[in-house]
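Read through the structure below, which is laid out as structure tokens, and then see the notes.
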Amino acid sequence: MAKPNFTLSKEYLHELFEYRDGELYWKISPANCIKSGDIVGCIDKTSGYRRFSFQNKNYNTHQFIFLMHYGFLPEMIDHIDCNPSNNKIENLRPADRYTNQQNRKLDEKNSCGYKNVTWRANRGKWYVRIKANGKYVTKGGFDNPEEANIVASKLREQLFGEFANHG
């Protein structure tokens, strides 16, 4: 998605859109098929983000919501609850690529049910492996995944702070 250019100011967006409870609504009628009061955009079935086209560019609505509230756009905008269609302003926070990646749900392919916990068959033990700042941090030798998960949770908190997501 395109990052809005700086001609799209907070004030200009407030002329065009109204924000209510996590949604944007048109204040104008920008096309014959769009009326004033209509919700902006539609949910992309692949990503879950609400998207729309404006001035011949495609955007995610959370970009405009953030800009309307704070007057700037960070490198990335993180959805705190990991729900890309929840665009309530209290669910959006500035992030960079690194911190945004920390706030991820449990991978669908995970077989043990805990983030960053893996079974090492050659050692017959459970291990914690977390990538931080381009390097892996490994803790290991646990007899069960629950024990490893306690260590993984503490380590995520230590490494990622408010962006730590435990699954």
(message) Filter segment 77-128 down to the residues that are at pLDDT below 90 and either among the hydroxyl-bearing types (Ser, Thr, Tyr) or not in a loop (DSSP other than H, G, I, E, B) (or both) and list them by number.
(response) ARG97, TYR98, THR99, ASN100, GLN101, GLN102, SER111
(message) It is to be established whether one or more residues within segment 98-107 are touching a residue at least 24 places away in the same chain (Cβ under 8 Å), among the hydrophobic types (A, V, I, L, M, F, W, C) and closer than 26 Å to LYS27 by Cβ.
(response) no
(message) For a quick check of your reading of the model, give me the residue pairs whose first member lies in segment 36-59 and is at positive phi, whose second is of a type in the set (Gly, Ala, Ser), with beta-carbon atoms closer than 7 Å and at least 6 apart or on different chains.
(response) GLY48/SER85
(message) Given the condition within 13 Å of the chain's Cα centre (by Cα) and either among the β-branched types (Val, Ile, Thr) or more than 30 Å from LYS27 (Cα to Cα) (or both), answer yes or no: does some residue in segment 71-84 qualify?
(response) yes
(request) Would you point out which residue out of MET76, MET68 is in contact with an Asp or Glu (Cβ under 9 Å, 6 or more places away or on another chain) and either without any contact (Cβ under 8 Å) to a residue 60 or more places away in the chain or at negative phi (or both)? (result) MET76
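Taking segment 136-156 on its own, how many of its residues are assigned to a strand (DSSP E or B) and either touching a Pro at 6+ places or on another chain (Cβ under 9 Å) or modelled with pLDDT of 90 or more (or both)?
Initially, segment 136-156 is screened for residues assigned to a strand (DSSP E or B), giving 136-142.
Filter once more, keeping what is either touching a Pro at 6+ places or on another chain (Cβ under 9 Å) or modelled with pLDDT of 90 or more (or both): 136-139, 142.
The number of residues fulfilling the criteria is 5.
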(message) Can you tell me which condition HIS62 does not meet? The list is (1) assigned to a loop (DSSP other than H, G, I, E, B); (2) within 20 Å of ASN91 (Cα to Cα), and all the others hold.
(response) (1)
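It is to be established whether one or more residues within segment 134-149 are aliphatic (A, V, I, L, M), buried (at least 18 other Cβ atoms within 10 Å of the Cβ) and not assigned by TED's automatic domain parsing to the domain that holds ASP44. Explain how you work it out, then say what you get.
Filtering segment 134-149 down to residues aliphatic (A, V, I, L, M) leaves 137, 148.
Within this subset, residues satisfying the condition of being buried (at least 18 other Cβ atoms within 10 Å of the Cβ) are 148.
Now restrict to residues that are not assigned by TED's automatic domain parsing to the domain that holds ASP44: 148.
The answer is yes, given that some residue of segment 134-149 is aliphatic (A, V, I, L, M), buried (at least 18 other Cβ atoms within 10 Å of the Cβ) and not assigned by TED's automatic domain parsing to the domain that holds ASP44.
The values are calculated or read from the model by the stated rules, or taken from the named source; none is laboratory data. The model shown is predicted, which means the values in this text are computed figures rather than measured ones. As a convention, Cβ positions derive from the backbone with ideal geometry for all residues, glycine included, and neighbour counts pool all protein chains shown.
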